[in-house]
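This structure is in structure tokens; I'll ask about it shortly.
Nothing in this text is a laboratory measurement; each read-out follows from the coordinates by a stated rule. Quantities reported herein were computed from a predicted structural model and do not represent experimental measurements. Using ideal geometry, Cβ is built from the backbone for each residue, glycine included, and neighbour counts are taken over all protein chains shown.
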Amino acid sequence: MLLRLIQKDPIVIGKAKEEYRKLFKIAFPLCLGHLGHMAIGTTDVLMIGQLSAEALAASAISISIFYTLYLLLTGTIMAITPVASQAIGAGQARTARRAVRQGIWVALTVSAPALFILWHTEFIFEVTGQTESLIAPAKEYMHTYMWMMIPGLIFDALVYFTVALGRPKPILYVTLIGIAANAFFNYCLIFGNLGAPELGLAGAGISSTLVTTLMLLITASIILTRLPYRRYHVFSRIWRPDWELYVKIYRMGLPIGGGMLLEQAMYSVSVLLAGRLGAVEAAAHSIGMAIINIIYMFSMGISDATTSRVGNNFGRKNFMGVQIAGYAGLSLALLCSSLAFVFVLIFAGPITSAFMDDSLPNAELVLALAVKIAIIGMIFEIADAGQLALKGSLHGISDMKVPLYTFILTYTIVGTTTAYLLSHHFNLGVIGIWYGLLTGVLLTAFFLYLRFQYMMRKISYEPR
């Protein structure tokens with residue numbers, strides 16, 4: 001990796017140090033921002049849970065359907081990052097701002113059919129066999145929560161622009177404001193405090209839409225008024241179409257969204273498989289998923305930062321810089337996930353105990369199983385961090401389709417099938433599910449690494 005480049009050119013040491021600095025500057029606020037979004041979701045769970053178990057279950061069903069669709073759509077507009085970062089690297093500010101505008105156009109376009117589907121989710125609830133007692137509150141919640149789709153996708157488009165520019169720090173502050181605002185609006189609208197109407201679940205959905213709109217408006221104002229964002233005049237003549245870039249965002253973004261959807265599908269299937277094994281297994285599995293999700297947020301931040309840095313160097317035709325940025329992203333992801341693995345390995349007991357009261361029935365069995373899952377899960381997350389960084393590098397050089405084909409093979413076919421066979425036919429139980437997931441992600445990382453190596457051989461080592 002970097003060592004080979006250093007042996008060929010000692011100057012690479014200085015370039016690598018600079019690349020690590022730039023990469024960390026982008027990745028750190030992104031990681032915290034992703035954790036902030038988790039905190040917003042956690043606040044919703046805690047406050048909706050005060051209504052009733054049925055309300056919490058209904059909101060969970062609605063959110064699972066919403067985010068299955070949302071992942072595909074936000075992945076589509078994620079193409080803004082490689083397109084804009086390459087344009088910025090090439091000194092083409094006009095193309096960069098047009099990419100953001102067309103990304104917003106795409107966000108508005110895909111929102112319409114998405115809202116139509118979400119408005120009719122009662123049909124999905126019935127087809128999937130949800131209980132009658134949950135369908136009515138789930139429908140009520142969805143009909144207010146779904147409207148965050150429009151501001152949410154436009155907000156994401158602006159976030160991807162700040163990532164492409166290498167300046168995502170304001171997004172962290174916006175997310176912190178969102179956490180506080182979400183708690184406030186939930187307090188008022190769910191429970192009817194401070195003179196607001198008591199709306200229950202519907203109030204929680206309205207709160208989410210209000211908070212997302214607030215975060216969008218704050219981010220838009222920063223891009224309009226603060227340097228260096230305002231130099232790009234992102235909102236100038238936003239009504240003018242650029243069909244070539246519009247189609248390009250779709251063409252590049254759909255494979256990204258499809259890959260995110262396949263990854264999420266594998267996790268969703270694993271939850272269903274664990275549920276078939278029993279309550280103890282399902283509870284232990286959910287604890288393991290909760291732990292790795294925290295580390296996943298850091299891996300996602302590093303992946304997004306890697307896309308930005310690789311894309312920027314690729315746009316400048318600095319092909320050695322492309323390699324350095326790609327390998328720097330990979331090594332940083334592996335280092336962070338490995339440190340997290342050591343931490344979880346040492347403190348697995350106390351960490352898993354934080355997710356469940358040990359006085360509850362079967363708590364001892366659940367927590368003992370959760371410790372084993374947490375350790376396997378962290379090995380999984382090291383491989384996952386590696387594949388995310390490699391995927392970010394490939395996206396930075398506009399290589400989207402091969403990662404998607406890889407996910408179809410490794411996640412949908414190998415990972416899910418292996419998890420099912422090991423857990424249900426080889427009697428490994430929930431541990432077998434995690435061995436299956438681990439198999440899928442290891443193959444993903446291996447194939448993406450081969451692809452990255454191949455793409456690096458295709459481009460010149462020297463800047464042009």
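Provide Rg and Dmax in Å for the range 245-334, with only Cα atoms included in the calculation.
Cα-based Rg and Dmax for the range 245-334 come out at 17.9, 55 Å.
Here is a further query. Residues in the range 248-290 near a label at Asp358, defined as backbone nitrogen under 17 Å from the 7 Å Cα→Cβ point?
Only 284 pass the distance filter.
Rank these for me by crowding, Glu122, Glu263, going from fewest to most other beta carbons within 10 Å.
By the 10 Å Cβ count, ascending: Glu122, Glu263.
Take every Cα-Cα pair in the range 204-355 and report what % of them are more than 28 Å apart.
47 percent
Using DSSP H assignments, which helices in the chain have an axial alpha-carbon span of 18 Å or above and a mean Kyte-Doolittle hydropathy of -1.0 or higher? Please report the intermediate quantities before stating the final value.
Details: long enough: 12-48 (53 Å, 0.54); 53-77 (35 Å, 1.51); 93-119 (39 Å, 0.71); 132-145 (20 Å, -0.43); 149-165 (24 Å, 1.91); 169-191 (34 Å, 1.47); 201-225 (36 Å, 1.82); 243-277 (50 Å, 0.69); 279-315 (52 Å, 0.67); 319-353 (48 Å, 1.76); 363-396 (46 Å, 1.28); 429-458 (44 Å, 1.00).
Span-like helices, by this rule, are 12-48, 53-77, 93-119, 132-145, 149-165, 169-191, 201-225, 243-277, 279-315, 319-353, 363-396, 429-458.
Just need the Rg to Rh number for the range 412-464, please, alpha carbons only, Kirkwood Rh.
Computed over Cα atoms, the ratio is 1.34.
With a 10 Å Cβ neighbour count serving as the proxy for reagent exposure, in which order, fewest first, do Ser423, Ser299, Ser111, Ser353 appear? Don't skip to the answer; put the middle values down first.
Values: Ser423 24, Ser299 28, Ser111 20, Ser353 16.
The fewest-first ordering by Cβ neighbours comes to Ser353, Ser111, Ser423, Ser299.
OK, next. State, in angstrom, two size descriptors of the range 351-464 derived from its alpha carbons: Rg to one decimal place and Dmax to the nearest whole number.
Over the range 351-464's Cα set, Rg and Dmax evaluate to 18.4, 66 Å.
A further question follows. Could you list log10 I(q)/I(0) for the range 173-284 at q = 0.16, 0.17, 0.21 Å⁻¹, which the Debye formula gives when each Cα is one point scatterer?
Log10 I(q)/I(0), no solvent term: -1.05, -1.05, -1.04.
Taking neighbour counts of Cβ atoms within 10 Å as a proxy for exposure, in what order, fewest first, do Lys17, Lys391, Lys22 appear?
The order, fewest Cβ neighbours first, is Lys17, Lys22, Lys391.
I need the P(r) histogram for the range 22-73: all alpha carbon pairs, bin width 10 Å from 0 out to the longest distance, whole percents.
22, 37, 28, 12, 2
Alpha carbon centre of the range 420-449 versus the range 73-116: separation in Å?
Between the Cα centres of the range 420-449 and the range 73-116 lies a distance of 35 Å.
With no solvent and one equal point scatterer per Cα, compute the Debye intensity ratio I(q)/I(0) for the range 97-168 at 0.16, 0.22 Å⁻¹ and report its log10, rounded to two decimals.
Each listed q maps to, in turn, -0.66, -0.89.
In vacuum, with every alpha carbon of the chain counted as one equal point scatterer, what does the Debye formula give for log10 I(q)/I(0) at q = 0.10, 0.11, 0.13 Å⁻¹? Two decimals, please.
-0.76, -0.92, -1.29
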